[in-house]
1. Give the peptides 179-192, 151-164 in descending order of average Cβ contacts within 10 Å, highest first.
2. Quick one: length gained pulling residue 258 to residue 120 fully straight, 0.36 nm per residue minus the C-alpha distance?
3. Along Cα→Cβ, 7 Å out, is where each label goes; now give me the distance between the ones at residue 268 and residue 167 in nm to one decimal.
4. Suppose R0 equals 41 Å. What FRET efficiency, 1/(1 + (r/R0)^6) with r the Cβ-Cβ distance, do residue 243 and residue 140 give to the nearest 0.05?
5. Once label points are set 7 Å from the Cα along Cα→Cβ at both residue 185 and residue 111, what is their separation, rounded to one decimal in nm?
6. Figure the gain on full extension for residue 250 and residue 65 (residue separation times 0.36 nm, minus the Cα-Cα span) and round it to one decimal in nm.
7. Can you work out the PRE-style zone for residue 47? Point 7 Å along Cα to Cβ, and I want the residues of segment 4-33 with backbone N under 20 Å.
C-alpha cells in the first residue's frame, strides 16, 4: 500500500464523515488507507467512525478507552499503518485533504524521510499560535531543529522512519522529537490552511503547557546541563570574592562580615551546582538510554544478514 492517512479523532462527530468522503475523492488515484483513532471522544464520534469503517473498505477504526492526547493517538495509528508513507492530518478540515498529494510528491521527488507543511497564513486561535511559536523556539535549541522549520501536525513520514518511531513505548510520545532522533533528511511544502469548520480548538492552555513540559523534560538533558555553567560561574565568582577578602585581611582594612558571608555562600552554592551538574550528567545519560533513542538508524545496507 502506498499511503496511510492517520486521523486522531476527538469531538468530531459532525466533520469526520465529510472529511473521509473528501479523502476518497482527493486520493482516488492513490492506493491508500484511512486509520481513524478515536481518542476517547465524549460525543458520538465513536459511532460515526464505526459506520465509516463499515461503509468504506479502506477505512479502519480504533477507539481508545480514554483521552490520551493527540500524539498518543497518532502513535497508535502508526503502529497499525501499512503504507509506504504515513500522513497525519487533523480532523477539523483546517488541513485540506487535497493537499496530501503535494506532500507525497515532495517526499518522492526529494527522497525525503519526512515532509512538513507550512502556511502563508495560519487560521489557528491566537493562543495556539503563541503555543506553536513557543514549541518551535524550544525545539530549535533542545532538538537541534532548523530555525526556519515549522513543526506542523500536518506531515508525511516514510515507512522506514515510522518503524523506528514506534519502537518508543513510553507514555509521553512527542512525534517531532522522535523524528529528530532518527533523521535530518526533511523537506517542506507550502499548503493552504483553512478556518475550523465546526466547534473550537481542543488545544487548551493546559494541553499546551503539558506539551511544553513534555518536550523540556522528556526529550533532552539540556535542563540538567544548565547547572554546569551556572555552577562554574558561581564557583569562580565565590573564589574571586574569597580571595579578595583574604587580601583585605592581609593588607587591610579587614573585610566586613557580610562580605565574607556573601562570598562564602556564593562559593559553596557554585560548588553544589557544579557537583549537581556532574550527578545530572549521569542521570541524564541513564534517562536518554532508557528513552528508546536508537544508537543508529540505517537508511541502506548492501550487506546481507546471515543467520
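1. 151-164, 179-192
2. 43.8 nm
3. If labels sit at residue 268 and residue 167, their model points lie 4.7 nm apart.
4. So the FRET efficiency works out to roughly 0.55.
5. The two pseudo-label positions are separated by 0.7 nm.
6. 59.2 nm
7. 9-21, by backbone N distance to the label point.
Quick note: the coordinates plus some simple rules give every number you see, no bench work behind them. This structure is a prediction, so every number in the text was calculated from the model and none was measured. Virtual Cβ from ideal backbone geometry, glycine too; neighbours counted across all protein chains shown.
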